[in-house]
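Down below is the structure, laid out as C-alpha cells.
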Amino acid sequence: MHFTSEQRVDDLVERDFTLGDIPGVLWMPGSASAASPAPLILLGHPGGLDMMRPRLVGRALRSAADGFATATIELPGSGDRPRSPDAEQARADLQATLEAGRPVDDELVDRLVLPLVAAAVPEWQATLDALLALPEIGGPVGFSGGVTAVAIGLAAVDPRIAALGLFAGSYVPRSVVDEARGVTIPLHMLLQWDDEGNDRQQALDLFDAFGSREKTLQANLGGHRGVPAHAGEDAARFFVRHLG
C-alpha cells in the first residue's frame with residue numbers, strides 16, 4: 001500500500017493510496033493511534049470513486065464520530081481503471097433492455113455482475129490485508145454499501161467481516177443469493193419501497209435468504225434517492241453494536 005496524498009477533513013485524516021494499480025482512500029479518525037487502534041468499516045459504492053467521493057466523505061465523517069476508520073477502493077473497470085469489453089457490452093445490453101421495457105433476465109445479470117464479483121472480492125481482501133497491517137487500525141471489520149453482490153461475495157469467503165450493512169438496489173445473481181444462505185454474520189439491509197430501479201420482491205427474497213440469526217430489514221417509502229436521514233443513523237447504530 002502506497003500513500004499518495006494526505007489532508008485533513010474536519011477531524012478526519014484523509015489519505016489517498018494505491019495498492020498495485022488499485023486506487024483507494026483511507027479516512028482515519030483523530031482518536032485512532034497505535035495504542036488505541038480503530039475498528040474498520042469498508043465503504044462499498046457502485047464505482048466512479050471521484051464522483052462518489054463527496055458522499056463517501058459524509059459516510060466517513062459519520063463513522064468517525066463513532067470511532068471507526070473507513071476505507072474504500074475503486075471497482076474494477078470503473079474510474080480510470082482499464083475497461084473490460086465484456087463488461088461494457090453487458091452494460092450496453094442492460095441499458096437497451098431497460099429502455100425497451102423488457103425484463104432483465106438471469107443470463108444478463110450473470111454477465112453483468114459475476115465477473116465483477118470475481119475480480120473485486122480478491123481486491124477487497126488484499127486491501128483489508130494492507131489496512132489491518134497499519135498500527136492505527138484493528139478489528140473487527142464491517143462492510144457497508146454496495147455493490148450488493150460484491151459485499152455478499154466478500155462476506156461469504158472472508159471471516160474477518162463481522163457485520164454487513166446493505167442497500168438493496170442492485171442486481172444480484174441467483175448464485176450469489178445462494179451464497180447468502182451461508183452468510184451468518186449480523187445484517188442490516190435498507191430497502192427503499194418505491195425504488196424505481198429495484199425489484200422489491202427480489203430484495204425481500206435476498207433478505208430472507210441470508211443465514212444470519214440477527215438480521216434487520218428497514219423499509220422506507222420513497223425512491224432510490226429518497227433515503228431518509230434517520231435511516232443512516234439506524235445503520236450507524238447497527239455498526240456500533242457489532243463493531244464498537
Assigned charges on the beta-carbon of Lys, Arg, Asp, Glu; region 132-215 dipole about Cα centre (debye):
280 debye
Computed over region 1-121: relative contact order in percent, which uses C-alpha pairs under 8 Å that are six or more apart:
20 percent
Run the paramagnetic zone check for residue 3: 7 angstrom along Cα to Cβ, then residues of region 116-145 with backbone nitrogen under 12 Å.
134-137
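Based on DSSP H runs of at least 4 residues, each adding -39500 (n - 2.57), what is the mean residue ellipticity at 222 nm of the chain after dividing by all its residues, to the nearest 500 deg cm²/dmol? Spell out each step's value before the answer.
Working: 7 runs with 101 residues, N = 244.
Result for the chain, helices only: -13500 deg cm²/dmol.
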Hydrodynamic radius of region 121-244 per Kirkwood, over alpha carbon pairs, in Å:
14.9 Å
Within 10 Å of each residue's Cβ, count the other Cβ atoms and sort 27, 193 from fewest upward.
193, 27
Principal-axis tilt of helix 200-209 within the chain, Cα atoms, nearest 10 degrees
60 degrees
Label-to-label distance, nm, for residues given as residue 233 and residue 104 (7 Å Cα→Cβ offset)
3.2 nm
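Among bridges DSSP assigns within the chain, what percent are antiparallel (round to 5)?
Rounded to the nearest five, the antiparallel share is 45 percent.
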Expressed as an acute angle from 0 to 90° and rounded to the nearest 10, what is the orientation of the C-alpha long axis of helix 229-243 relative to the principal long axis of the chain?
60 degrees
Final fewest-first order of 19, 166, 187 on the 10 Å Cβ neighbour count is 19, 187, 166
Residue order, fewest to most surrounding Cβ atoms within 10 angstrom, among 134, 221
221, 134
Taking Cα atoms only, helix 49-65 is inclined relative to the longest principal axis of the chain by an angle, in degrees rounded to 10, of 50 degrees
If the chain between residue 216 and residue 125 were fully extended at 0.36 nm per residue, the gain over the current Cα-Cα distance would be 30.2 nm
Work out how much length residue 194 to residue 94 would gain on full extension: take 0.36 nm times their residue separation and subtract the Cα-Cα distance, in nm to one decimal.
33.9 nm
Please list 35-46, 66-77 highest first by mean number of surrounding beta-carbon atoms within 10 Å per residue.
66-77, 35-46
Quote the relative contact order of the chain in percent (integer), defining contacts as alpha-carbon pairs under 8 Å separated by 6+ residues.
16 percent
Rounded to whole Å and sorted largest first, list the principal axis extents of the Cα atoms in region 38-103.
46, 27, 18
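Any read-out appearing in this document is the output of simple, stated calculations on the displayed coordinates, not a laboratory observation. Predicted model only: the values in this text are computed from it and were never measured. Cβ atoms come from the backbone with ideal geometry, glycine included; neighbour counts cover every protein chain shown.
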